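Values quoted throughout were computed directly from the atomic coordinates according to the rules given, and no laboratory measurement underlies them. It should be emphasised that the depicted structure is a prediction, and the values quoted were computed from it without experimental measurement. Here the Cβ positions follow ideal geometry from the backbone for every residue, glycine too, while neighbour counts run over all protein chains shown.
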Amino acid sequence: MATGDNDAAGGGTAIIDATGIVKDYGHARALHGVSLTVAAGEFVALVGPSGCGKTTLLKILAGFEEATAGRLTIQGRDMHGVPAAARPTRMVFQKLALFPHKTVGDNIGFPLKLQKVAKADATARVAAMADLMHLKPEYLGRWPAQLSGGEQQRVALARALVSQPSVLLLDEPMSALDAKLKKSLQAELKKLHRELGTSFVLVTHDLEEAMMLADRICVMRAGRVVQIGTPADIYYRPVDTFVAGFIGETNFLPVTATAAAGGGFSVTSPLARGGAATIAAERAAPGAGAGRAALLVRPETIGFVTGEPAPGRWVLDGEVEEYFVKGASTQYRVRVAGLQAALVMDLPGSLELPAEVGAKVAVGFDPAGAYLLPEAP
Ligand SMILES: Nc1ncnc2c1ncn2[C@@H]1O[C@H](COP(=O)(O)OP(=O)(O)OP(=O)(O)O)[C@@H](O)[C@H]1O
């Protein structure tokens, strides 16, 4: 779907409806009119380069920052002037904000104490939440410093969830964890989301994490939303070279496009052998038009060509610049004359390497399976 497609996934009821959110810090504009809806029970990830405004947007949803302009409703209620504590949202920060001098149990139960929940009820809810987060009962009497980093992050999650918020806002909650712990907490987070039916909005730098966890990904750039869509939309149907390049390493082949019947395009490239190729209308971004354009060719769709290429394939000649054995796959970088960046290819991993550094090679792909984008600005 194109830019501005903010409809909640699956047409569910919007729990968060943010329209035209502007945020100025002094004279600097951090958000330039951002619109986002989040459906009840949906998991949305906010991604984008450092400083693009992800955390600012999350803080506005949480009530830790007030928007300069725009309208925010949560559960149909206008949030203007509503303090964080009175919103049906809870936020988990990148840096743990656990109280060091309260026990783990008191940390988790703190929101219930504020809500003046009866002690027996609160104790039961803290125990249930600790259990859900795989925190052993004996941990409840410890100090936060006596738990590991991953366990502390689970305490922070338990504290955010104990008061049963409708929306959980997560600001890079896993960025401080090592790779293995991160993987296990990601799996737990996904399971938790499924079990609780709470809406999650996650800010992350980790694109794989966003692809794995989110129902929809919102890609931001310089205070604006560039595209909102399912992980498959964002990966296979990016609106431009920025989104395509941001979500995974990829290739852009300069092409010349002319309009073809049925809304598609006929494309040619001076760098490729194989003649004009037809790109169907559904394989062209809404902004792509006749003239100079970029063909998005994902690394996993390119292979070495030996002998006669299959009909319809485009073939480029080049030289192996580098390769990386990654286990399940091997990445090759092939220098092609006339192409700015080396062509990146991901081949299935194998014991025998198909080519060494410096080898003259031919690589090929099916242009009809590529995706046409407007030329990079
Ligand atoms: N309290 C503040 N005062 C002034 N400027 C701020 C403040 N908070 C953020 N900014 C600026 O607003 C812009 C957006 O910041 P924000 O933290 O929302 O970005 P981000 O996308 O979350 O970045 P990162 O991925 O690095 O965390 C940045 O240019 C930042 O310097």
TODO: Would you mind telling me the antiparallel percentage of the DSSP bridges in the chain, rounded to 5?
DONE: 75
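What FRET efficiency comes out for the pair D366/T13, r = Cβ-Cβ distance, R0 = 35 Å, nearest 0.05?
With a Förster radius of 35 Å, E is 0.25.
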Task: Extended-chain gain in nm, criterion 0.36 nm per residue less alpha-carbon gap, K326 and T123 - done: 68.3 nm
Task: Charge context of K23, other residues only, Cβ under 15 angstrom, K/R +1, D/E -1 - done: +2
Task: Summed residue charge, Cβ within 9 Å of E65's Cβ, Lys/Arg positive, Asp/Glu negative - done: +1
Task: Total formal charge among the other residues, if their Cβ is under 12 angstrom from that of V336, Lys/Arg +1 and Asp/Glu -1 - done: +1
- [ ] Could you run the Karplus curve 6.51 cos²θ - 1.76 cosθ + 1.60 with θ = phi - 60° over segment 212-221 and give me ³J(HN,Hα) per residue in whole Hz, x for Gly and Pro?
- [x] 5, 9, 8, 6, 9, 10, 10, 9, 10, 8
- [ ] Report, in degrees rounded to the nearest 10, the 0 to 90 angle that the Cα long axis of helix 149-161 makes with the longest principal axis of the chain.
- [x] 70
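Which FRET efficiency value, to the nearest 0.05, do you get for A97 and S350 by plugging their Cβ-Cβ distance into 1/(1 + (r/R0)^6) with R0 = 35 Å? Spell out each step's value before the answer.
Numbers: r = 48 Å, r/R0 = 1.36.
Using R0 = 35 Å, I get an efficiency of 0.15.
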- [ ] Report the residues of segment 293-316 in range of a label on A337: point 7 Å along Cα→C-beta, backbone N strictly under 14 Å from it.
- [x] 316
Open item on the list: What's the ranking of 21-27, 300-306 by average number of surrounding C-beta atoms within 10 Å, highest first?
Closed with: 300-306, 21-27
Open item on the list: In Å, what Kirkwood hydrodynamic radius results for segment 43-142 from the alpha-carbon pair distances?
Closed with: 16.0
- [ ] Round to the nearest 0.05 the FRET efficiency obtained for K191 and T68 when R0 = 45 Å and r is the Cβ-Cβ distance.
- [x] 0.75
Open item on the list: If you fit an axis through the alpha-carbon atoms of helix 104-114 and take the longest principal axis of the Cα set of the chain, what angle between them do you get, 0 to 90°, nearest 10?
Closed with: 70
Task: Estimated translational D of segment 251-349 in µm²/s (Stokes, Kirkwood radius over Cα pairs; 10 °C; 1.306 mPa s) - done: 109
- [ ] Enter the angle in degrees (range 0 to 90, nearest 10) between the Cα long axis of helix 179-196 and the first principal axis of the Cα atoms of the chain, meaning the one along which they spread out most.
- [x] 70
Open item on the list: Counting other beta carbons within 10 Å of each residue's own, what order do V117, V92, V162 fall into, fewest first?
Closed with: V117, V92, V162
TODO: Rounded to the nearest Å, what's the spacing between the alpha carbon centres of segment 85-131 and segment 154-180? Just the number, please.
DONE: 12
Task: Given charges at beta-carbon only (K, R positive; D, E negative), |dipole| of the chain in Debye - done: 1220
Task: Candidates A310, A284, A127, ranked by Gaussian network fluctuation over the chain, Cα under 10 Å, top entry - done: A310
- [ ] Within 10 Å, count the other beta carbons around each residue, average over each peptide in 51-62, 343-354, and list them highest first.
- [x] 51-62, 343-354
- [ ] Compute the semi-axes of the equivalent ellipsoid of the chain, taking the square root of 5 times each eigenvalue of the Cα gyration tensor, and list them largest first in whole Å.
- [x] 46, 26, 16
Open item on the list: Based on Cα coordinates alone, diagonalise the gyration tensor for segment 14-237, multiply each eigenvalue by 5, take square roots, and list the semi-axes in whole Å, largest first.
Closed with: 29, 20, 16
Task: Residue order, fewest to most surrounding Cβ atoms within 10 angstrom, among Y332, Y139 - done: Y139, Y332
Task: Out-of-range pairs (alpha-carbon distance over 30 Å; input K119/K182; K59/K183; K136/K190) - done: K119/K182
Open item on the list: Based on alpha-carbon centroids, what's the gap between segment 324-377 and segment 194-242 in Å, whole number please?
Closed with: 26
TODO: Sort L295, L181 so the one with the fewest other Cβ atoms within 10 Å of its own Cβ comes first.
DONE: L181, L295
Task: For G41, residues with placed amide H under 5 Å, excluding near neighbours - done: S199
